[in-house]
Amino acid sequence: MKALGIRNYNCKDEELSVICRYALSYLKRDLADFAAFSPVFNESYVEKFVEKINFIDELVSPKLETDELKKITARLYSTMDSLLDPVAKIRAYLRLAKGSIGVSAKDFGLTLLTQKIASRDAEGVHQNLLIVVAYLKKYEDALVAVGFDKAIIEQLNSDVSSITDDNQLQFDIVSKRMATVQKNLAVLNDLYSQLTDLLSIGRSMYKTADPQKSKEYVFSSLKKSVRNTKHKKTDTAK
């Protein structure tokens, strides 16, 4: 028997309900076979299974919090994208001032900053942006001499604050969610227990009657399907 507070399932919290929905689709398809196997499997069983899945969905990914995270993420991406123009200008001014400064764009942190923006790494953007701002202040006079606008530093400082605040908001929401899930692990473990029973019975029912169907009732296979689908959606969104 596993200790309290331990996940019995080998997947991410948010994946569990999705895996259950995949299994649910098979159960609905094969409900006549399951009902013939045992009267336990009826419409009421299906309805209660759906209720559990929906409850876990809201527990793990509350709609209001999820929508708020999406807004914060969109704002972070917008802030990061807005850095591309000042970064390009700084590169140009560094070229003009190379005789007096002698610091490359890479040393200035611009190359890594651009990479972090492209990879949507908000934490990495924040860290490298601080480095860029520090260098701008250090070489401010030499840069101003070739036309650099001090307002760019103010803009970047504002962006640093914006990214800091949004990162903190994300952290607070995710931390609260993780704490809620941790308190309700017994509920998630219970859903997983029902899932494993369902899958085990499905494999047994079809082991010789329909080996292909039997393979569908395997947790690792369902988890792989969920992750493949998620990756496809991510690639499509890019």
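Quick grid of which residues meet (1) outside the structural domain of Ile153 (by TED's automatic domain parsing); (2) exposed (fewer than 13 other Cβ atoms within 10 Å of the Cβ); (3) closer than 30 Å to Asp159 by Cα; (4) not aromatic (Phe, Trp, Tyr):
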{"site": "Cys20", "(1), (2), (3), (4)": "yes, no, no, yes"}
{"site": "Val60", "(1), (2), (3), (4)": "yes, no, no, yes"}
{"site": "Ala74", "(1), (2), (3), (4)": "yes, yes, yes, yes"}
{"site": "Ile101", "(1), (2), (3), (4)": "no, no, yes, yes"}
{"site": "Asp107", "(1), (2), (3), (4)": "no, no, yes, yes"}
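Residue-level check: of (1) over 30 Å from Ala145 (Cα atoms); (2) over 31 Å from the mean Cα position of the chain (by Cα), Thr66 misses just (2).
Exactly one residue out of Thr164, Thr229, Thr208 is under 30 Å from Val125 (Cβ atoms) and over 17 Å from the mean Cα position of the chain (by Cα): that is Thr164. Scan region 8-32 for residues that are over 27 Å from the mean Cα position of the chain (by Cα) and small (Gly, Ala, Ser) and the total you get is 1.
Test of understanding: among Thr79, Thr164, Thr73, which residue is under 30 Å from Glu14 (Cβ atoms), out of contact with any Asp or Glu (no Cβ under 8 Å at 6 or more places or on another chain) and touching a residue at least 40 places away in the same chain (Cβ under 8 Å)? Steps first, please.
Values: Thr79 fails: out of contact with any Asp or Glu (no Cβ under 8 Å at 6 or more places or on another chain); Thr164 fails: touching a residue at least 40 places away in the same chain (Cβ under 8 Å).
When all the criteria are applied, what remains is Thr73.
In the set Glu154, Glu123, which member is surrounded by fewer than 19 Cβ atoms within 10 Å (Cβ to Cβ), farther than 16 Å from Arg91 by Cα and more than 21 Å from the chain's Cα centre (by Cα)?
Numbers: Glu123 fails: more than 21 Å from the chain's Cα centre (by Cα).
Just one listed residue meets the conditions, Glu154.
In summary, helices (runs of 4 or more DSSP H) completely within region 1-118 and bearing 3 or more residues that are out of contact with any Gly (no Cβ under 8 Å at 6 or more places or on another chain) and among the charged types (D, E, K, R) occur at 13-29, 43-60, 63-81, 84-96.
The values are calculated or read from the model by the stated rules, or taken from the named source; none is laboratory data. The structure displayed is predicted, hence computed values, not measured ones. In this analysis, Cβ positions are derived from the backbone assuming ideal geometry, glycine residues included, and neighbour counts consider all displayed protein chains.
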